[in-house]
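The values are calculated or read from the model by the stated rules, or taken from the named source; none is laboratory data. Here the structure is a predicted model, which means the values were calculated and not measured. We place every Cβ from the backbone using ideal geometry, glycine too, and count neighbours over all the protein chains shown. Ligands, DNA and RNA are excluded from the accessible area calculation, which covers all protein heavy atoms including side chains. Shrake-Rupley method; radii C 1.70, N 1.55, O 1.52, S 1.80 Å.
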Amino acid sequence: MNADPASAIKAPTLASVIALRIEDEIVARGWPAGEVLGSETDLLETFGVSRAVLREAIRIVEHTGAAHMRRGPGGGLVVSTPDRSSVVTAMAIWFSYLNISISEMLEARGPLMAGACRLAAVRARSEGVDRLVDQIDDAAGGEGATSENVQAIESAIADLSGNPVLALFIDSVADISANRLLTGRARLHPPVTDEENAAYLSTYRRLADALAAHDPDAAERRSRRITAALASRLHDARRTRRPPQPPPRVKLAEGLADELRVDIERAGWPVGEVLGSETELTERYDVSRAILREAVRILEHHGAVRTKRGPRGGLIVTAPSGDAIVRSAQIFLEYERVDARQVLEARQVLEQASARLAAERCTPAATDGLRNLLVIPGRHPDSVAPFMALHRGVAETTGNRLFELFVDVIAELTSAEVGELSALQRSSRSTAAQRAHERIVAAIVGGDADAAERAMSKHLHVASKAVAVS
């Protein structure tokens, strides 16, 4: 990812190591949600580190969603149940920090939704499709195709795909898109008429019919039709307005956290700037100290702000860590017990689109970078893991930072899968993968989008067959 590494908050190396040990221990215990791993005193003795290092490690673990510190009698570091909505919020804050554009969102949304629809057409049970139809009909009989209704419909479709990786990515893109519309940072132009609104929901209804008929081709066509309709009129707004009051269903603290985040983005994410003291902020946003503090805790959890005590203190803007977002997503997906087949399904959806887009946008500088990455795996004949650096390079060549983040998450999941293979399996895969990647790079640098997509598809298809027999 292309965020300035100097601006990111990076945990001390020792704290990161301790955090990883804690997370590994949680996984080894079978993720016993609610179990206390130990008090602060117990953990200090276990790891033999200073209190400052341990507390930084705990902050990292809390950020990834693996555990949280509970104060008081019987307290300590408690194993958490990772929450998809929390990871989606973390991704949305990262996207906000990077100022992801609407065009980047739509480029990622297209293949993600198309891939999810194809899988849902094969896997969805009739009761799941019936619930989806009810959602669409409720929206049609109520407020129509609002950003919230569309977000809920697409989240339901993603769940029907049976692939938690795609569902997480789709939810994160839908969340930031809906938030941009709600807060005026994106606009539909020209505005949607009532007739067009109804037609939009009718397309979702026909998409549901394709799922019920187990017709993946029709499901994909209708999904791409919806994306094309969005792309024709969804744009970044040149000017932003102050966000409206949060909907009634949103908790006050969550609404305030979102409002603070919007104001930070409007200001250009000024890292190191003091937004105001607690007194100033309670007056500015007309909330109680309790609501403000809860909102601040939400943003602190995701690395968007920190609180500084004393003179000249207050709420300070910080730079979220992309590495922490990747780790948070990885922790959640490991908790969901994502398997190798699901990882490869997500790779096929994302990386075929990534290869096509990279071929369309490859520059001379990107060509040199990809060729340099191509020769690295030859120095590691016993493992296919180094090839993931090339896949990251392809994603970077797209110029779309959503592809970069999603491929980073997939790379971490893939590395875990490869680590379980024998040395002989890794060696045999590496030889075939080298040739496959040479073909992919040749197509990309040659600007042949069709060939690049085909080469990536063939490579991942072979990998999926290998997983099926391993």
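Within segment 142-181, which residues have the backbone N less than 19 Å from the label spot 7 Å out from His214 along Cα→beta-carbon, could you tell me?
160-163
With r defined as the distance between the Cβ atoms of Ala28 and Glu148 and R0 fixed at 56 Å, what FRET efficiency is calculated, to the nearest 0.05?
0.90
Once you sort the root eigenvalues of the Cα gyration tensor of segment 154-234 as a ≥ b ≥ c, which label holds: rounded (a/c under 1.5), prolate (a/b larger than b/c) or oblate (the other case)?
The shape class here is oblate.
Relative contact order of the chain, please, whole-number percent, based on alpha carbon pairs below 8 angstrom and at least 6 residues apart.
17
How much length, in nm to one decimal, is gained on full extension between Glu283 and Arg435, taken as 0.36 nm per residue of separation minus their Cα-Cα distance?
Additional length available on full extension: 48.4 nm.
So, by mean Cβ neighbours within 10 angstrom, what's the order for 254-261, 97-104, 192-199, 47-54 with the highest one leading?
Ranking, from highest mean packing down: 254-261, 97-104, 47-54, 192-199.
Show the residues, 5+ positions off or on another chain, whose built amide H is closer than 5 Å to the amide H of Met69.
Close amide H contacts, sequence-distant or interchain: Val78.
Given a 1.4 Å probe, how much area per residue of segment 96-220 is accessible, in Å²?
Accessible area per residue, segment 96-220: 39 Å².
What number, in nm² with one decimal, is the all-direction average of the projected area of the convex hull of the alpha-carbon atoms of segment 81-152?
Hull-based average projected area comes out at 6.6 nm².
Can you figure out the FRET efficiency of Leu14 with His68, using R₀ = 25 Å and their beta-carbon distance, to the nearest 0.05? Don't jump to the answer; show the numbers that get you there.
Details: r = 21 Å, r/R0 = 0.84.
According to the calculation, E is roughly 0.75.
Given R₀ = 25 Å, what would the calculated FRET efficiency be for Ser415 paired with Arg361, taking r from the Cβ atoms and rounding to 0.05?
About 0.40, to the nearest 0.05.
With the crude spin-label approximation of a point 7 Å out along Cα→Cβ, what separation in nm comes out for Asn197 versus Ile316?
4.6
In nm, give the distance between the simple-model label positions of Asp83 and Val274, each being 7 Å from the Cα along the Cα-to-Cβ direction.
3.1
Report, to the nearest whole %, how much of the accessible area of segment 96-207 belongs to carbon and sulfur atoms, 1.4 Å probe, protein only.
Carbon and sulfur together cover 50 percent of it.
How long is the chain along each principal axis, judged by its Cα atoms, biggest number first, in Å?
61, 60, 47
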